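To start, the structure under review is shown below, and the notes come after it.
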Number of protein chains: 2
Amino acid sequence: SVNPDLASERQTASFSVEELTARLDGSAEHTRMRRAVVEAIEHDPAFSREDQYFQSQNERYEAAVRKAVHLRRKMHEMGWTEDGPEYKYIYRALSGDVAFLLHRIFMRSISVLGSDEQVAKWIPLASQYQLIGSYAQTELGHGTYLQGLETTAVFDSATQEFTLNTPKISAMKWWPGDMGRSATHTVVFAQLYIHGKCHGVHPFIVQIRSLQDHSPCPGITVGDIGPKMNFEHIDNGYLMLQNVRIPRENMLNKFCQVQPDGTYVRRGSQKINYLTMTTVRISLISDEVLIPLMKACTIAIRYSVVRRQSKLKPGEEEAKILDYQTQQEKLLPQLAAAYAFHFINDYLQELFNRGYREIQRKNFDMLPELHALSSGFKATVTQHCTSAVEICLRACGGHGYSSLSGLPSLYTKILASCIYEGENTILLLQTARFLVKCFMAASTGQLVPPSVTYLAAAKPGTCPARNKADFLSPDVYTEAYQHMAVRLVSSTALKLQDLIQSGVKKHDAWNQCTVQLVQAAKAHCHYITVKHFAETVEKLDTKAGIQQVMKHLCDLFALHGILSAAGAFLHDGYISGAQMDMVSASYLDLLAVVRKDAVPLVDAFDFTDKSLNSALGSYDGQVYQRLYEWAQKSPTNKQVSPAYERYLKPLLHSTLSKL
Amino acid sequence: SVNPDLASERQTASFSVEELTARLDGSAEHTRMRRAVVEAIEHDPAFSREDQYFQSQNERYEAAVRKAVHLRRKMHEMGWTEDGPEYKYIYRALSGDVAFLLHRIFMRSISVLGSDEQVAKWIPLASQYQLIGSYAQTELGHGTYLQGLETTAVFDSATQEFTLNTPKISAMKWWPGDMGRSATHTVVFAQLYIHGKCHGVHPFIVQIRSLQDHSPCPGITVGDIGPKMNFEHIDNGYLMLQNVRIPRENMLNKFCQVQPDGTYVRRGSQKINYLTMTTVRISLISDEVLIPLMKACTIAIRYSVVRRQSKLKPGEEEAKILDYQTQQEKLLPQLAAAYAFHFINDYLQELFNRGYREIQRKNFDMLPELHALSSGFKATVTQHCTSAVEICLRACGGHGYSSLSGLPSLYTKILASCIYEGENTILLLQTARFLVKCFMAASTGQLVPPSVTYLAAAKPGTCPARNKADFLSPDVYTEAYQHMAVRLVSSTALKLQDLIQSGVKKHDAWNQCTVQLVQAAKAHCHYITVKHFAETVEKLDTKAGIQQVMKHLCDLFALHGILSAAGAFLHDGYISGAQMDMVSASYLDLLAVVRKDAVPLVDAFDFTDKSLNSALGSYDGQVYQRLYEWAQKSPTNKQVSPAYERYLKPLLHSTLSKL
């Protein structure tokens, strides 16, 4: 039975939840397909996550391998293929709790960087798990800066082999997933040397474990890097290479080749690799960032209407905590952000699909813009959503801190997204470099890519709003964001120019502006997100009240952003102090409005209880019962602790006579 | 041997590290004593934390109990007593990794709330661990709002007993430490009923487990609440009571008593309890909040001069990441905050000691101020420091995310401090209530406590700074903070008044202002912190360059705070946009200045390697070597995974013929 406090929230929805779910999925048909995949996965006990919170790192790893192997069978049984429409729902249905994701990157890198012969040799084996691959790029001492990698691959024309070495400890490969305990092969990125000359970083297929008994191959030292904040199920590994010899054919050679006599040949464009990295950054937003945030919102908001605490009015019963303005202020902006980023993600996916088609036609014009957008949005979305999940966790008080709430693992997992696939600060600086360049070009009248044409349209002016209602106009707030982004980009670009003109060296000047450059890049992404959210709302038809509630969320997202970065809007007087009070008043009004639909708005995310795996967030709101039932399953309740026999019994027995 | 990149940082310190350490400890003598305690603890293998990152929840619990029991022996052996000067260093030396902290709260509550007879009966047993106590206040459905507790204790005059019951699941005691697996007794807070009349919440001593065999007593259901984000070593528990009968003497009765015929007598003042809660909030700041932040700064800053990444200048070797402005911007404000909060903590401790002495003389005048300060500072310091530790973690990239860095456990532990001992938002609202009251009183000329007299001294005006150097004047920035705090308190107080005067009911008006009230309370605490830091620097003598470097940190803390809350300073034009650019310029200059002393400034915190327990943060900076050595000790490297035999071998063996 559903907790009555939660049930009552669903009776007053101002829109059709089912309709909104279909919009989020793309169509009602997509929703049906997604649900069919989820059901097939969740009804298969092999994919159960029930004991997950009680398992050790070893147990989590073993379960993930079991699931990965079972998934192949399941896909065959269900008729799902990697190219099929169901595929994208599988990972969501598994909540990412499966091994061999890096194996897929291994395959992708061979497909993209390998010759036809290499693809023909390796891909069939890999796709049947007849070998387990990994992707060994990052080293102990080297991450985002790939040129700094220290692993070497020296060509020996006498034997037609490369000799791979880890020259010092900082060159040890570190972090690659699936490598610590599973992989038999990996793609190693190493500095290629031919006749003493370095040709830069290249990828090599290296066998690291015996197919016979899984023991490390000669010259290979390999193992697991140990416990992390999350990803217990993944065997992130280390790898040391000592005079490991591989045949010449094992260098991935679609774009570069070493001929038998040692002649180095580069052919074709490497720009396509650039795009691969770029697409990975965009593709992770949905599965690794948005889903966790939507789950966290679902858990925290459902809990906040079940949890009662203290009294709002004397004499009444204790109030639902979501009825407190401070709780609304914590959670509802995160809910709005989940929708905002859902829509911007759709936009980015579309843009990237278009870009991909252009590039296949050898048109690389969009590449700089795509790179700047993917870097900036990867950084801002992961950062924003990580903070948002943390807020959801904290907003659930003590019970949010229990692993059984599901929030700790959502948080510790999403946090990693700020670090992997490019460190966020470095990514933002890449976006900033693009913005500064475009601003300079635009100010001399040159043509710039569509997403940055606004930089040329800078008007000084001030915000025209005269009362708090004016701040519910998307034109008003979008304009404010645009103004702010232009100001930050232009002022930083000018500071940079001034420094250089005053004699500071270019790289020093750049470093002296980086704090501000990061702010400018964030402002740019924030502006685009708000603008796109407002445009999306505009385009929604009004059926079933969805446009109305999305408008509220868009307003809330925009005004919350203005208040959070108030200094940036007040700085040049574009928004005055009095206007900021209007923003604040409108924002507080909106909290009360959105609060009414809060539960239906998270219901629309359509997570099953199994997928949430949260004692606080289930659809029925039976929070306390579930916490109690789940706690009893903990290994801490499954044994009398040896600590009692060893340490306590001797002390306590002496007490018996005294009480 | 010390990593040369780290060693070089120590050669250029602008002050004496040893001298600064002594100042942080209070005196050189205190430093010696602390080091002696640390050495005694760390040289005793029974207290080793070496395998901590690899242990299960069960193993962590057992180790913590072992350490607690061993500690008693150790204290006896060393001649340390609970009243002695060494005592406060023990917990720091153990890094909190020990059981029976709630046992101490059990004892404290009996000492404070129990009659002389009760103290005489229970304390000697408890102090010898002849019983293990706990403190059962929080329920599944009830936290900070104590009046809402649902557990009942009904007096039966026929048997001279209380019957305790958990009437429904939300009334189950939940979270008490040491209760899940250890405790034999606990203090249960329950609603007292006599002849059908409720007298509110009272404390009762209840035996929950047999002293004979540790099994639950009749009517008791007790267990462990399962995994949490941290505190694996603590057996946080649940407790259900079904018709549990305890003698009349087991109600703690120093202040309230139930006489044999059921007459309820209240005597003395309960205000002293109020102070107990207040002092706990202050006392946790040092051990649970400042130490973790100082450790996180030590780890992240040492790592940031060992880690090299990318190039600052073309042709040079890769740069120390701390030489990037963006990395300085992440870490150095956290370092400044650690010092700022260290000094404010000293101030609060002093204030509370003074308050305690006054109260013992039956002078309760300081109580409201102490309560407001302890609530506000508990909330702001825990919140600020939690964010700071997270920043340190993220600033270390992938390696920060490894448990072996020590940062994940520091973060997950400090996060709890935002939740326990009073939820932060509720605490800030208590501070805000005090501020509003004082502001109203002050504006009608009434006398208010010393920490809030500034509220009456509000001047409109604007900031007098004319160039960036002016913002290095403590008078200038302290005045700005004061102005901002007054503005936020007064504008919210006036909004509240307006609402009430316009007919909104008092409690509704309050709820409608809570978001702003929270901001006002934070601004007040921030102002006091800055002011006190500046005053402390002023009073330092100039010997050994310490005053100079502390001045830089104070400036940095203050200017970082202004930039972070720029909107609040710009709002009424007290600081103009042009002045904000000066703040920004001064701030960026300061980063480069403080960066030079960053390593000596964390060295001065004087943590041993064992205490940091971090592969990234050790004194010698041998980061990569240590990560590799520690990873090899992981249980994930101690067995061939059963996953290989079960799932992979059958697949891989079929490959042999194909390669």
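The values are calculated or read from the model by the stated rules, or taken from the named source; none is laboratory data. Just so you know, these numbers come straight off a predicted model, no measurement behind them. Every residue, glycine among them, receives a Cβ derived from its backbone with ideal geometry; neighbour counts consider all protein chains shown. Just so you know, the surface numbers come from the protein's heavy atoms only, side chains and all, with ligands and any DNA or RNA stripped out. Shrake-Rupley method; radii C 1.70, N 1.55, O 1.52, S 1.80 Å.
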Selection status of B:T276, more than 14 Å from chain A (Cβ to nearest Cβ), under 24 Å from the mean Cα position of the chain (by Cα), over 30 Å from A:A520 (Cα atoms) and of a type in the set (S, T, Y): yes
If I filter the stretch B:210-218 for residues that are closer than 25 Å to B:A68 by Cβ, free of Cβ contacts under 8 Å to residues at least 60 places away in the same chain, outside any loop (DSSP other than H, G, I, E, B) and more than 14 Å from chain A (Cβ to nearest Cβ), do I get at least one hit? no
Where in the stretch A:1-118 are the helices (runs of 4 or more DSSP H), entirely inside, with at least 1 residues that are in contact with a Pro (Cβ under 9 Å, 6 or more places away or on another chain) and not acidic (D, E)? A:4-10, A:17-25, A:28-42, A:57-78, A:101-113
Residue, farthest from B:P635 (Cα to Cα), within the stretch A:219-244, restricted to residues that are away from chain B (no Cβ under 14 Å) and surrounded by 15 or more Cβ atoms within 10 Å (Cβ to Cβ): A:V244
Find the residue count for the stretch A:397-432, including only residues that are over 23 Å from the mean Cα position of the chain (by Cα) and not small (G, A, S). 1
Is it the case that A:P45 is under 26 Å from A:P408 (Cβ atoms) and either over 21 Å from the mean Cα position of the chain (by Cα) or more than 14 Å from every other protein chain (Cβ to nearest Cβ) (or both)? yes
Could you list, in sequence order, all residues of the stretch A:188-206 that are more than 30 Å from B:S403 (Cβ to Cβ) and open to solvent by 40 Å² or more (accessible area, probe 1.4 Å)? A:Y193, A:H195, A:G196, A:K197, A:C198, A:H199
From the options A:R466, A:R433, residue that is surrounded by fewer than 22 Cβ atoms within 10 Å (Cβ to Cβ) and under 25 Å from A:T138 (Cα atoms): A:R433
Given B:I110, B:I90, which one is closer than 29 Å to B:D213 by Cβ, outside the structural domain of B:K228 (by the TED database) and touching a residue at least 40 places away in the same chain (Cβ under 8 Å)? B:I110
Whichever residue in the stretch B:284-328 is of a type in the set (S, T, Y) and under 20 Å from the mean Cα position of the chain (by Cα) and, among such residues, is surrounded by the fewest Cβ atoms within 10 Å (Cβ to Cβ): B:S286
Enumeration of residues in the stretch B:129-139 that are under 17 Å from A:L651 (Cα atoms), touching a residue at least 24 places away in the same chain (Cβ under 8 Å) and facing chain A (nearest Cβ under 9 Å): B:Y129, B:L131, B:I132
Can B:F343 be described as modelled with pLDDT of 95 or more and touching a Cys at 6+ places or on another chain (Cβ under 8 Å)? no
Where the second residue is open to solvent by 50 Å² or more (accessible area, probe 1.4 Å) and assigned to a helix (DSSP H, G or I) and the first is facing chain A (nearest Cβ under 7 Å) and closer than 17 Å to A:S127 by Cβ and lies in the stretch B:645-656, which pairs have Cβ atoms under 9 Å and are six or more apart or on separate chains? B:Y647/A:R66
Please verify whether the stretch B:501-514 includes one or more residues that are within 24 Å of B:V381 (Cα to Cα) and either away from every other protein chain (no Cβ under 14 Å) or in contact with a Ser or Thr (Cβ under 6 Å, 6 or more places away or on another chain) (or both). yes
What is the one condition in (1) farther than 30 Å from B:G406 by Cα; (2) assigned to a loop (DSSP other than H, G, I, E, B) that A:H233 does not satisfy? (1)
Kindly provide the set of residues from the stretch B:558-578 that are open to solvent by 10 Å² or more (accessible area, probe 1.4 Å), of a type in the set (A, V, I, L, M, F, W, C) and either touching a Phe, Trp or Tyr at 6+ places or on another chain (Cβ under 8 Å) or more than 9 Å from chain A (Cβ to nearest Cβ) (or both), ordered by number. B:L563, B:A578
Could you identify the single residue in A:R181, A:R104 that is more than 29 Å from A:T263 (Cα to Cα), open to solvent by 10 Å² or more (accessible area, probe 1.4 Å) and in contact with a strand residue (DSSP E or B) (Cβ under 6 Å, 6 or more places away or on another chain)? A:R181
If we keep only residues of the stretch B:1-37 that are farther than 16 Å from B:I546 by Cβ and of a type in the set (G, A, S), then the residue most open to solvent (accessible area, probe 1.4 Å) is B:S1
Scan B:A604, B:A585, B:A592 and give me the residue that is touching a residue at least 60 places away in the same chain (Cβ under 8 Å), within 12 Å of another protein chain (Cβ to nearest Cβ) and closer than 17 Å to B:I301 by Cα. B:A592
Got at least one residue in the stretch A:505-528 being among the β-branched types (V, I, T) and either within 24 Å of A:D346 (Cα to Cα) or not assigned by the TED database to the domain that holds A:V476 (or both)? yes
All but one of (1) open to solvent by 60 Å² or more (accessible area, probe 1.4 Å); (2) at pLDDT below 95; (3) part of a loop (DSSP other than H, G, I, E, B) hold for B:G461; state the number of the condition that does not hold. (1)
Counting only residues that are open to solvent by less than 10 Å² (accessible area, probe 1.4 Å) and within 9 Å of another protein chain (Cβ to nearest Cβ), the stretch A:419-430 contains a total of 2
A:P247 passes all but one of (1) modelled with pLDDT of 95 or more; (2) on the phi < 0 side of the Ramachandran plot; (3) open to solvent by less than 10 Å² (accessible area, probe 1.4 Å); which number fails? (3)
Examine the stretch B:383-395 for a residue that is of a type in the set (D, E), in contact (Cβ under 8 Å) with a residue 60 or more places away in the chain and open to solvent by 10 Å² or more (accessible area, probe 1.4 Å), and state whether such a residue exists. no
Could you tell me whether A:P45 is over 30 Å from A:N637 (Cα atoms), open to solvent by 60 Å² or more (accessible area, probe 1.4 Å) and not assigned by the TED database to the domain that holds A:P600? no
Can you spot a residue in the stretch B:524-546 that is crowded, with 21+ Cβ neighbours inside 10 Å, modelled with pLDDT of 95 or more and within 14 Å of chain A (Cβ to nearest Cβ)? no
Search the stretch A:53-72 for residues that are facing chain B (nearest Cβ under 8 Å) and polar (S, T, N, Q) and pair each with any residue that is surrounded by 21 or more Cβ atoms within 10 Å (Cβ to Cβ) and part of a helix (DSSP H, G or I) when their beta-carbon atoms are under 6 Å apart and the residues are at least 6 apart or on different chains. A:Q57/B:T636
Anything in the stretch A:445-458 that is surrounded by fewer than 17 Cβ atoms within 10 Å (Cβ to Cβ), in a helix (DSSP H, G or I) and not aliphatic (A, V, I, L, M)? List them, or say none. A:P450, A:T453
